[in-house]
Amino acid sequence: MHIRPLHRTWTVCAIALTTAGLLTACSNSADEASPMAGTSSDSAVFPVTIEHAFGETVVPEEPTRIVVAGYTEQDTVLALGVVPVGVTEWYGDQPYATWPWAQAALGDAQPEVLSATGDGFEEEKIAALEPDLIIATNAGLTEDTYDRLSDIAPTLAQSDASTAYFEPWDVQAEKIGRALGKKTEVDALIDGVNQKFADAAAAHPEFADKKAIFLQNAFYEGKAIAYQDGLSTDFLTKLGFVVPDDIDAYVPADGGGQASIPLENLSVLNAADVLIWGTEGPGDRAELEKEAVYNALEPVKDGNLVFTDGVTAGAIYFTSVLSLPYVIDKLAPALDEALDGTPATITG
């Protein structure tokens, strides 16, 4: 299990493409869900200047040794046809910190896997990789850690202090694409993902204005963790759903987009037409069902439920140009079933 961080220090627990080719390349198979945008950069665009929370970073020439010091940015790098020399493990213990939706893009490469323990960056290991670009747009950089990484190589940081973790996926992707000299390619990737959402919404008009709540896989210390309308629920709202604001009353004062709902107030989930539980293993649903207040919920009694598998939950949390097409392919048919009163369990 894990509690996913947003705009605060996080906890990790025991938890192309061309524009024409993008839509057909993004399917629900792991091999097909990892398209690459091509391997050539436009050397004429260098040097490139990228603005961010700590000023600006100049990338003097096309980078060839890229270290991903953040938690999800390897997806964008791989989608652009570039294999980093170092990647960072967030959670999931995937081969080379690369999840199934991106493994085809990784191929046989074996990048160095760096640790993300919350105790800082493995700076000696990063330096030993001799990078010419460090990508840390989703790494919780402070000005001090940015300065230290910049002493090793040009470093990309988050856009501002409020997005130290998980700034919008398309904003991150656009910065990374420009730093690699692949603005045209990354724009096509972003447009393709947005078009895939639009096509799925059009194919499922029954989603429009239905209320949906996405929750983590378990109850933590007597509370359910749900996501309010915003960054973490874009995958639902882009499909036409609405996230009810009833849960906003349970968002802590420090924000973060996560509502911590005490079990005695769990009936607030009755505001939803469908509940999506980010379950990660076969035992997660059984643990939920041990609670009487869970079984008393109207969406539970009516069968308006979706349970994910671990990979689909990971794809939702990654929210990248490669993981989002995977989410759409897995989630759209499951939501269709759930709205009809058949609990849907997503499997690999």
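The values are calculated or read from the model by the stated rules, or taken from the named source; none is laboratory data. These figures come from a predicted structure and were not determined experimentally. Counting neighbours? That spans all protein chains shown, and the Cβs are built from the backbone with ideal geometry, glycine included. Heavy atoms of the whole protein, side chains included, go into the accessibility calculation; ligands, DNA and RNA do not. Shrake-Rupley method; radii C 1.70, N 1.55, O 1.52, S 1.80 Å.
Gln228 sits among other residues whose Cβ lies under 13 Å from its own Cβ, and their net charge, with Lys and Arg +1 and Asp and Glu -1, is -4. Sparse packing (at most 13 other Cβ atoms within 10 Å of the Cβ) combined with a DSSP loop state is found for none of the trypsin sites (Lys or Arg not before Pro) in region 190-224. Alpha carbon centre of region 207-232 versus region 140-161: separation in Å? For region 207-232 versus region 140-161, the Cα centre distance is 32 Å.
Rg of the Cα atoms in region 142-254, relative to 2.2 N^0.38 Å, amounts to 1.36. Exactly which GluC sites (Glu not before Pro) in region 258-348 are in a DSSP loop and have at most 16 other Cβ atoms within 10 Å? Those satisfying the criteria are Glu289, Glu291.
Dipole magnitude for the chain: about 360 debye, using +1 per Lys or Arg Cβ and -1 per Asp or Glu Cβ, origin at the Cα centre. Per residue, the Cα convex hull of region 204-277 amounts to 79 Å³. Computed from label points 7 Å out along Cα-Cβ, the spacing between Val45 and Arg148 is 3.1 nm. Annotation for Ser115 and Gln195: the two label points, set 7 Å from Cα along the Cα-Cβ direction, are 4.4 nm apart.
The tail of the calculated P(r) for region 241-329 beyond 20 Å holds 44 percent of all Cα-Cα pairs. Measuring between alpha carbons in the structure, the pairs from Lys290/Lys330; Lys182/Lys211; Lys175/Lys196; Lys175/Lys330 lying more than 32 angstrom apart are Lys182/Lys211. The slack in the chain from Glu287 to Glu221, taken as 0.36 nm per residue of separation less the alpha-carbon distance, amounts to 22.4 nm. Given the choices (1) 25.4; (2) 16.2; (3) 20.3, mean projected area of the Cα convex hull in nm² derived from the coordinates of this structure is entry (2). Within straight-line reach of Lys238, meaning a Cα separation under 14 Å, sit the following aspartates and glutamates at least 8 residues removed in sequence or on another chain: Asp170, Asp191, Asp199, Glu206, Asp209, Asp229, Asp329. Close amide H pairs (under 5 Å, H built 1.01 Å from N) link Thr155 with Ile134, residues at least 5 positions away or on another chain.
Solvent-accessible area of Thr342, all protein chains in place: 70 Å² (probe radius 1.4 Å, heavy atoms, ligands and nucleic acids excluded). What part of the accessible area of the chain, given as a whole %, is carbon or sulfur when the probe is 1.4 angstrom? The C+S portion of the solvent-accessible surface of the chain is 48 percent.
Quote the Stokes-Einstein diffusion coefficient, in whole µm² s⁻¹, for region 152-204, based on the Kirkwood radius over alpha carbon pairs, a temperature of 20 °C and a viscosity of 1.002 mPa s. Translational D for this selection: 170 µm²/s. Note that region 131-143 has calculated 3J(HN,Hα) couplings of x, 10, 7, 10, 9, 9, 6, 10, 9, x, 4, 9, 5 Hz, one per residue in order, obtained from phi through the Karplus relation 6.51 cos²θ - 1.76 cosθ + 1.60 (θ = phi - 60°); glycine and proline are x.
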